[in-house]
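For reference, the structure is listed below as structure tokens.
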């Protein structure tokens, strides 16, 4: 009876017996099968070895003759694939090989068939092993990793120091003045103070005193969502050990740490793909020197580097899933990605989908519908597990994002880029221009892509094909503007997704570097032609600055080098009369990685440093001066006076030259805010009031000095500099001279006696439907009389009281460059003006209001054509622009009357920060004399759609009377706690047997819950964006507590998932023990 087939194994010897085998397999058939070495049993108990080629493709015939040289091949995985043949077939017993084929059939008619069936059965395993070999090699096969990472740290330090040298020379820090100072550094310092406070409460009181809400950011905000992406960064925990005045230097050091960690992550990916240490080092350096990591992340948004760290790990985890290995790396990388940023995780999912499709259809695998479905289920399951593990920290961010109208807002996004973009594209990719930072991959990665194209079969076919597909897709995405919108959640178009472009460029270096040492003459000729075409393409760039010529010279030098090598190789081939490629010499083998490293560092340093300097785009001036961050974030000279003011009230301010989020940094209740995660209800309130301080949804500064709103929202204090004294609202008196700040301005503190506390009582309410029909100035007067309830049962068609605000349509006359036409203002030249005549009134706050104002940018010629259309038959949509026209993102609208000057930015749908605002009420301030004439200037050429322009006068006397009545009737007091507020309401003396409304001027959120005398009570949305709780005329105690929406649900999901994992692994461990 035939013995069972032996398992798949490697065998280097052939066991012989004295008995001849009547059924030897055919050597030709064994060669043709190309299966992995396996053993099988024959009836004569003779074990034969089946040989196969393990590598992807055949070596050169000259190298096939050199068998068993492979003690060193494990250290040459970067070279052209070298295979090690097992003992040749001619070592088999000749008697067995020469046995007649006919005896095979007679002795065992089914033996050969069974053997082939056995190997067919194992072919799926063969494909899996080949995929495993290509995609997920054990990292232990790369020896000397500790020494490698030390060298990588040194190289990364030299590279980082080189590109940062210009900052040191000009006395600048690595912290950007806009987001770096206002967001990341401020949050970094705050997190350190928060962690120290938590530690102090634990060691002194034995409990963690941690609040997820802060009253000092804006009008009050969720602290966790405000710090999303920062508080979940483990490196930021080090801020707890650094004093605030030294935090700037730790922040800069952590930028380099992240820079190095990104290089380490890419090195691990290269090692998992079998690349050598030299190729991995050069490729990792190229990765961290791409435009995304350097210009977007390191020099602007430091925490964006975290995505560059996670992306290679996500792809490593995907490779392990393809190779049927452990999924924990993939699950863990995606869990950390969700915790770090939902936004980048969305992009990572898109990258993963494309990556998996390329790997599945390009790399060797036995493909079938069932196999594809199994892989889809495996990846989907691991993604879901990663999300469930991270739900405690990622679900709140998702909940907040879905509540913001900024997400999914309709914008004008062209499908293609402008003609100027395409003309500048080659220079932008190589680093010779910087129109789009993330498009830069540098000169060396660009040359490497051409080298991979020229290498042909010298580069592993699946890897070459997958890289070229990735490069083609990235280039297509770069050329199509709409792709940037898709990658940004169908919002505005951005280039942040082009980190994957930098990834492809870096991996091209990893593939090209080893192949260059084995280039034949024809490969060098191809590379020469490609680089010559690249230089010709660069010369088509219309704008050529110094940065361009430096990059052009570097590529020209590389081309000169390749032409020289081509010439020498041609002479060598002619002398030898052979077409064999050279095996490469050891000096060239070691010199090439060193030369590439120097080229990477040198070209990047030249490109980025010139870009930042005055010879480039001069953006170095937008970075803070070194050592001044702490002083600037504390530039408002208020700290010495905080003990003199009542901190239960807010402080409004008009001067923002000290930066945003100042109240958050100094620790007082302010009204300025800057963060991507904002409260949509508060934005609705500001939009309803037409507050014209900022066009975006997520940046604001107070209420533009409006008397009524400052009082209702508890702004008892006001800070102004010598440049903004005209913005101080009526009724504020000077309290303190705060002195001069580090920015050179002198600041003054004012106080008002009309401000209400952050919780007070309304005696009456009006429904939102009645309130909605009013103009913005009328709305702000209305809330000084009654509370506006969104869920009010009242259905009054008219207000139960009369308003003193006067609204009249403005009489408009145009100046040069402006034309009025059916609700449109056609501006044909920049800063064109129109004049508004109004019948003013003394002792009023004056407002110039725009209703339905929208900006559609146009070229000057198109605007002139539209202005000449007297029949009004054309609109801006009917006049297409040329492909070279780049629409303006915003227009500065200036309003001037006498000595009063106000301005605001009107964003077009082409701007990334467009928030859809169309109602504007520009506060011209209090005037003792009537205003009669107002001049409006439009900063950009275009069509300004405006349904109406009107003038509003709001007498201050009635407003002061209304505020005084609210103060007298107020019976509520508020106490602020780390987790919420407590409000005590006394018995009403004036509103017997009637319902009252306790108004709380904190932004409405689903995270708030309340109890009335210990019983749960519903919180109503009041005055559009705030909160109110109905009470009767008796005394009550209201307790309001805050919990981040989604945090508890997410924590439960994560906890259940972790418990399920523990049960699963414990059960598996018990089963294994029982088997033993």
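The values are calculated or read from the model by the stated rules, or taken from the named source; none is laboratory data. What you see is a predicted model; the values in this text were computed from it and never measured. In this analysis, Cβ positions are derived from the backbone assuming ideal geometry, glycine residues included, and neighbour counts consider all displayed protein chains.
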- Within the bounds of the range 299-308, is there any residue that is at negative phi, in contact with a strand residue (DSSP E or B) (Cβ under 7 Å, 6 or more places away or on another chain) and either surrounded by fewer than 19 Cβ atoms within 10 Å (Cβ to Cβ) or assigned by TED's automatic domain parsing to the domain that holds residue 259 (or both)? yes
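Rundown of residues vs (1) surrounded by fewer than 19 Cβ atoms within 10 Å (Cβ to Cβ); (2) farther than 22 Å from residue 978 by Cβ, yes/no style:
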| residue | (1), (2) |
| --- | --- |
| 639 | yes, no |
| 647 | yes, no |
| 650 | no, no |
| 657 | yes, yes |
| 695 | no, yes |
- Message: Can you tell me which condition residue 171 does not meet? The list is (1) on the phi < 0 side of the Ramachandran plot; (2) out of contact with any helix residue (DSSP H, G or I) (no Cβ under 8 Å at 6 or more places or on another chain); (3) in contact (Cβ under 8 Å) with a residue 24 or more places away in the chain, and all the others hold.
- Response: (1)
- Here the residues within the range 825-862 that are at pLDDT below 90 and in a strand (DSSP E or B) are 837
- Query: Do we have any residue at all in the range 146-153 that's more than 30 Å from residue 686 (Cβ to Cβ), more than 32 Å from the chain's Cα centre (by Cα), modelled with pLDDT of 85 or more and exposed (fewer than 14 other Cβ atoms within 10 Å of the Cβ)?
  - Reply: yes
- Item | For residue 344: the one exception among (1) modelled with pLDDT of 95 or more; (2) in contact with a helix residue (DSSP H, G or I) (Cβ under 9 Å, 6 or more places away or on another chain) | (1)
- Query: surrounded by 18 or more Cβ atoms within 10 Å (Cβ to Cβ), touching a strand residue (DSSP E or B) at 6+ places or on another chain (Cβ under 7 Å) and on the phi < 0 side of the Ramachandran plot: does that describe residue 663?
  - Reply: yes
- Item | the range 358-370, residues that are in a helix (DSSP H, G or I) and within 34 Å of the chain's Cα centre (by Cα) | 358, 359, 360, 361, 362
- Note on the structure: For residue 137, the lone unmet condition from (1) over 27 Å from the mean Cα position of the chain (by Cα); (2) assigned to a helix (DSSP H, G or I); (3) modelled with pLDDT of 65 or more is (2)
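Out of the helices (runs of 4 or more DSSP H) lying entirely within the range 202-318, which hold 1 or more residues that are over 23 Å from the mean Cα position of the chain (by Cα)? First the steps, then the outcome.
Values: elements: 223-226, 247-272, 277-288.
Because the criterion is at least 1 residues that are over 23 Å from the mean Cα position of the chain (by Cα), the helices (runs of 4 or more DSSP H) in the range 202-318 that meet it are 247-272, 277-288.
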- Which condition number does residue 324 fail, the rest of (1) assigned to a helix (DSSP H, G or I); (2) over 19 Å from the mean Cα position of the chain (by Cα) being met? (1)
- Query: Taking into account only those residues within the range 941-966 that are touching a strand residue (DSSP E or B) at 6+ places or on another chain (Cβ under 8 Å) and more than 19 Å from residue 922 (Cα to Cα), which is surrounded by the fewest Cβ atoms within 10 Å (Cβ to Cβ)?
  - Reply: 966
- Among (1) within 22 Å of residue 531 (Cβ to Cβ); (2) out of contact with any strand residue (DSSP E or B) (no Cβ under 9 Å at 6 or more places or on another chain), the one test that residue 503 misses: (1)
- Considering the range 934-984 alone, what residues qualify as being outside any strand (DSSP E or B) and free of Cβ contacts under 8 Å to residues at least 60 places away in the same chain? 961, 965, 968
- Message: Out of the residues in the range 632-669 meeting the condition of being part of a loop (DSSP other than H, G, I, E, B) and free of Cβ contacts under 8 Å to residues at least 40 places away in the same chain, tell me which one is nearest to the chain's Cα centre (by Cα).
- Response: 634
- Message: So for the range 402-415 (the condition being more than 27 Å from residue 881 (Cα to Cα) and in a helix (DSSP H, G or I)), does at least one residue qualify?
- Response: yes
- Message: If I filter the range 449-462 for residues that are part of a helix (DSSP H, G or I), touching a residue at least 24 places away in the same chain (Cβ under 8 Å), in the same structural domain as residue 420 (by TED's automatic domain parsing) and within 27 Å of the chain's Cα centre (by Cα), do I get at least one hit?
- Response: yes
- List the number of the failed condition for residue 1026; all other conditions in (1) at pLDDT 95 or above; (2) under 29 Å from the mean Cα position of the chain (by Cα) hold. (2)
- Item | First in the range 987-1016 and at positive phi, second anywhere and part of a loop (DSSP other than H, G, I, E, B) and surrounded by fewer than 20 Cβ atoms within 10 Å (Cβ to Cβ), Cβ under 7 Å, 6 or more apart | 993/1033
